[in-house]
Amino acid sequence: MESISLRAERSEVGTDFWVLASQVALRPLQALMAAPTLLFLAALTAMLLRHPDVSFYEIDRVAFGLLVVGVAGRAVVLRQRLFVMEWVTWPMLGLTALALASVIGQPFDNETWSLLASKLIVPLTLFHLAGLVFTEEAVPAV
């Protein structure tokens, strides 16, 4: 007959700490992915309603980065396709490739790169992110 020990096994203290630390560290990412519609609205609000006299352009970049991370993370978790080729994607990709080819020769001109991002790259990205975010929205009947 085998004897059974009634002593509870102790888990390592370090393991519990790292599990708890990773859960706490991933909470903001989970909050970003939980409500992508509100995240999209907050990012557009930060980008569009900034006063033009205030030169705080970093908020636009932070809002855009958080939007991309939140929506892309949600798409990965839900196993959605990240990049869907729509009918408007091909002309936008062509324009972006042409503009990128002309900008490559000026690697240190910040204004040119900012113009490329604001006129082509950001709108194309927002278009595709909106397609991932607003999938359950229905058009009201007229």
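Given the residues LEU67, LEU120, LEU132, LEU124, which is the only one that is surrounded by 15 or more Cβ atoms within 10 Å (Cβ to Cβ), part of a helix (DSSP H, G or I) and touching a Lys or Arg at 6+ places or on another chain (Cβ under 9 Å)?
LEU132
Could you please tell me which pairs satisfy a Cβ distance under 9 Å, a separation of 6+ or placement on different chains, a first residue in the range 48-72 that is basic (Lys, Arg), and a second residue that is part of a helix (DSSP H, G or I)?
Between residues of the range 48-72 that are basic (Lys, Arg) and residues that are part of a helix (DSSP H, G or I), the close pairs are ARG50/ILE59; ARG50/ASP60.
Do the conditions hold for ALA46, that is, is it assigned to a helix (DSSP H, G or I), touching an Asp or Glu at 6+ places or on another chain (Cβ under 8 Å) and surrounded by 15 or more Cβ atoms within 10 Å (Cβ to Cβ)?
So ALA46 fits the description; yes.
Out of the range 47-71, which residues are over 19 Å from LYS119 (Cα atoms) and under 20 Å from the mean Cα position of the chain (by Cα)?
Result: LEU66, VAL69, GLY70, VAL71.
For PHE40, work out the one condition from (1) within 21 Å of LEU129 (Cα to Cα); (2) surrounded by fewer than 15 Cβ atoms within 10 Å (Cβ to Cβ); (3) aromatic (Phe, Trp, Tyr) it doesn't fulfil.
Looking at each condition in turn, PHE40 falls short on (2).
Here are some residues: ALA63, ALA46. Which one is out of contact with any Pro (no Cβ under 9 Å at 6 or more places or on another chain) and at pLDDT below 90?
After ruling out the rest, the residue left standing is ALA46.
The values are calculated or read from the model by the stated rules, or taken from the named source; none is laboratory data. As the structure is a computational prediction, the values presented were derived from the model and not from experiment. Don't worry about glycine lacking a Cβ; one is built from the backbone with ideal geometry, like all the others, and counts go over all protein chains shown.
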